[in-house]
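The values are calculated or read from the model by the stated rules, or taken from the named source; none is laboratory data. Computed from a predicted model, the values in this text were never measured in an experiment. Here the Cβ positions follow ideal geometry from the backbone for every residue, glycine too, while neighbour counts run over all protein chains shown. SASA here: full protein model, heavy atoms, side chains in, ligands and nucleic acids out. Shrake-Rupley method; radii C 1.70, N 1.55, O 1.52, S 1.80 Å.
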Amino acid sequence: MKPILVLRRYQRRCQLVVFHQQPRTFNSHYYGDASIKVWRCEQRTMCYALYLYFVNKWHMQFKHKIMILAVFPLMAAAIVIGLIVNIQAHRLANDQASIIRERMLSYHKEELKHYTNLALTSIDHLYASNRNDLEAQKEARAILSNMNYGINGYFFVYDLAGNCLVHSRQPELVGHNYWALRDPDGLLVIQGLIKATQQGDGFLSYKWHKPSDTTIKDIPKISHVILLKRWGWIVGTGIYLDDVAQTTHTLHDDIARNNHSTLWGLGLVAMLAAIVLFSGGIILTLNERRLADKELKDLAQCNIVLQEEERAQVSRNLHDVVIQSLVSIGYQLELIKYQLQNNVQEALLSLNKGLASLNEVMTQVRHISHDLRPTLLDSLGLRATLEQFGQEFSQHTGLHTLIRSEILAGILSKTEEIMLFRITQDALRNVERHARQATSVEVHLYHAKESVRLSIMDDGCGFNVENIDRWTQGIGLRNMRERIEYHNGKLELFSIPGRTEVVAILPLQI
């Protein structure tokens, strides 16, 4: 039975199960958000399914994609360079083989010319004497039959009808007609030799067997023939070209080995470069993760400190204002109780004072609640909330506070309005705490190109912007930065004596 592959994908996790028997419940269907896929496959198809499993399992992060984008061009370049080197090496091998073949053929042709001239010289005393009798031809055949050189070198003579007259290595061929003899490629050998003497340079390439080894047939050979016109003979000799084939084959093997070595070198260099890139990426990832962990710890600590400060502020407000006022009201109620037994008029006066104190406590509680979450922001929007907060800030600090809002209603979401309001709160608190000699504050909310800008400017003593460490000092500034950067915006600071400006830039989603 064919094995069964079951791929279960749940959210971002995959689970692969291989069954060699039919499972009871698995089929192609869905269980909630967990999908089940089933394959009945051959062993080779199982490998492809495993590949799909690992591809689906590895959900690459952005840094992994960057690493692949860095390594892929390197590997692609190495492959392209390897292909170009391979093609050029083959082309160079073919060119060199052609050059060597041509040179060796040229050398063999010159050698053949010397041999044929030697044969003509040996019978020149017979042919040059203008003797055409059979005795002279017989003596010439005898001389040529006894001439040979090397292992496979010999001379042959054919008449113009294709009859073999002389063959010093294979005398059994003498007396037979080979006019229609063809080599394995279909070339008419004897007719080609005759044609080469009459119309060409006397050279002909064909395939022939070696006399020294009859087991090896059809070896490339080149022959040179000369026509003895008065006798009607063609006299020639030939050289086998197996040494040329062996030389070119050896050359191809050498170039192929060099090519393989070059390709292996390129592959090794590409692999080392990829390892270096991956190692550098891992090191950078570890460093980034370590820095990110440190920043997260610092941010968590900063949030804890900020929360503790806010809780301490609320606690101080409740203790210093609300609780003391309630204690005062409690004393007044005790006094009213005592006065009701003696003097009703004085009791009414004390009751009025108690009601006034109660109204003041309610106002203070409302003010604390407003700092925590202004209800006006939900009902009337950011502009009205900023104006009210500016009035309260001016009454509280004595600084002249100007609020200007030039944005259209509905252009900002609720979360963006809350974020800009909190930035305004933090900025004005910084003005109250740190802007010595300040007399006025201006809050300007306006639309600029494709962004909304919030500017808080005061005329205080200023500070050195370069000395403000974003991560270790200035919780208020850091809090403002975190708020604006969460919405893909940025915070800009500008400060000189007499003018300090904080600008929050929020890009609009178009």
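What's the FRET efficiency of S261 with K297 using the Cβ-Cβ distance as r and R₀ = 60 Å, to the nearest 0.05?
Step by step, r from the Cβ atoms, then E = 0.65.
For H400 and L284, a Förster radius of 41 Å and the Cβ-Cβ distance give a FRET efficiency of 0.20, rounded to the nearest 0.05.
Solvent-accessible surface of region 184-253, taken per residue with a 1.4 Å probe and all protein chains present: 46 Å².
With a cut-off of 9 Å between beta carbons, the residues surrounding S405 carry a summed charge of 0, where Lys and Arg count +1 and Asp and Glu -1. Nonpolar atom fraction for region 238-281, defined as the carbon and sulfur part of the 1.4 Å probe accessible area, stands at 71 percent. Fully extending the segment from K210 to M362 would add 42.3 nm, taking 0.36 nm per residue of separation and subtracting the current Cα-Cα distance. The simple Förster model, with R0 at 25 Å and r as the Cβ-Cβ distance, assigns R169 and S98 a FRET efficiency of 0.20. For region 381-510, the solvent-accessible area with a 1.4 angstrom probe is 54 square angstrom per residue. Highest mean packing first, where packing is the average number of other Cβ atoms within 10 Å per residue, the peptides 398-407, 452-461, 382-391 line up as 452-461, 382-391, 398-407. Taking amide H as placed 1.01 Å from N in the peptide plane, the amide H of L228 sits under 5 Å from that of W233, I234, V235, each at least 5 places away or on another chain. For the cross-link pairs K138/K207; K294/K449; K414/K490; K297/K414; K294/K414; K297/K449, the ones whose C-alpha atoms lie over 26 Å apart are K138/K207; K294/K449; K297/K414; K294/K414; K297/K449.
Maximal additional length on extending the I496-N464 stretch stands at 10.7 nm, based on 0.36 nm per residue less the C-alpha distance. Taking amide H positions as modeled 1.01 Å from N, with prolines and chain starts lacking one, the residues under 5 Å from V452 and 5 or more places away or on another chain are L506, L508. The stretch between L349 and D378, if pulled fully straight at 0.36 nm per residue, gains 6.4 nm over its current Cα-Cα span. Karplus-derived 3J(HN,Hα) values for region 451-467, using 6.51 cos²θ - 1.76 cosθ + 1.60 with θ = phi - 60°, are 8, 10, 10, 10, 10, 10, 10, 10, 10, x, 6, x, 7, 8, 5, 5, 8 Hz; glycine and proline are entered as x. Packing here is the average count of other Cβ atoms within 10 Å per residue, and on that basis the peptides 290-296, 195-201, highest first, run 195-201, 290-296. Dipole size of region 72-131 about its Cα centre, with +1 on Lys/Arg Cβ and -1 on Asp/Glu Cβ: approximately 80 debye, rounded to the nearest 20.
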